[in-house]
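Every number here is computed from the coordinates shown, using simple stated rules; none is lab data. These numbers were taken from a predicted model, which means no experiment stands behind them. Ideal geometry is used to build each Cβ from the backbone, glycine not excepted, and the neighbour counts take in all protein chains shown.
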Amino acid sequence: MSDIIVAVDGPAGSGKSSVSKEAARRLGYAYLDTGAAYRALAWHCLDEGVDLDDPAGVLERAQQWDYAIGMDPDRYFVRVGGEDITADIREPRVSAVVSAVARVPEVREVLTAMFRELADEHPAPGVIIEGRDITTVVAPHAQVRVLLTAAAEARMARRSAELSTESAEATAQQLAARDAQDSRVVDFMNAAEGVTTLDSTELDFEQTVQSLIDIVRSGA
């Protein structure tokens, strides 16, 4: 069982995944990408022809599917039914519908329980869990809780750099739409009481990673 849990929240394009994964690597911790589960479930529903406007149907899949994720920062993978879908869950068709899955309260309850179990059972000395509601719902009692954020302009520029095939305008629209949809379910833009805010607007990747590591070492 992991002794230290680090909870990291933040909006789309804030660098949660890349920063958390690298910080976990350097600390010798495990890394849990919770957003991947919602994407994988959305992919699974699309693959199985489940109506995403039917919450009961989505919940049934969430209760029965065979999901696995690599929590070693150097061996990251996402699988459903033994099939590697690490790249597939980043497809635009999945991104367009993942919020329909994530906004179902009962689905979030099922996946939250799964996240806690994965973190509790992992043998690494610590686990960095990142997502939308980690500091308030998934791991509200984590030893370290961080809101990783950045100005909208910085987040859009970073996401545009990742998605070189899409225009800056399209990227901005996607980020705004995703944040608007998900904010109906959870507040990931404001730090809850006891949560440390890490604003990376003026920081590069290396500086952001080191800042997170410093927060972990001072709080763990």
(request) Report, by chain and number, residues whose modeled amide H sits under 5 Å from the one on L147, excluding near sequence neighbours (fewer than 5 apart, same chain). (result) D9, T196, T197, L198
(request) Hey, for a label at T197 modelled as a point 7 Å past Cα toward Cβ, could you say which residues of region 114-157 have their backbone N under 12 Å away? (result) 147-151
(request) Determine which residues of region 120-154 fall in the zone a paramagnetic label at M114 would reach in this model, i.e. backbone nitrogen under 17 Å from the point 7 Å along Cα→Cβ. (result) 120-122, 129-134, 138-139
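Let's see if you can work this out: charge +1 on each Lys and Arg Cβ, -1 on each Asp and Glu Cβ, no other charges. What is the dipole magnitude of region 1-100 about its Cα centre, in debye to the nearest 20? The partial results should precede the final answer.
Details: 10 positive and 17 negative charges, 104 e Å.
Using only the charged Cβ atoms, the result is roughly 500 debye.
Net charge near F205: determine it from the other residues with C-beta under 10 Å of the C-beta of F205, scoring Lys and Arg +1 and Asp and Glu -1. Please list the in-between numbers first.
Values: positive: R158; negative: E22, D204, E206.
Surrounding charge for F205 is -2.
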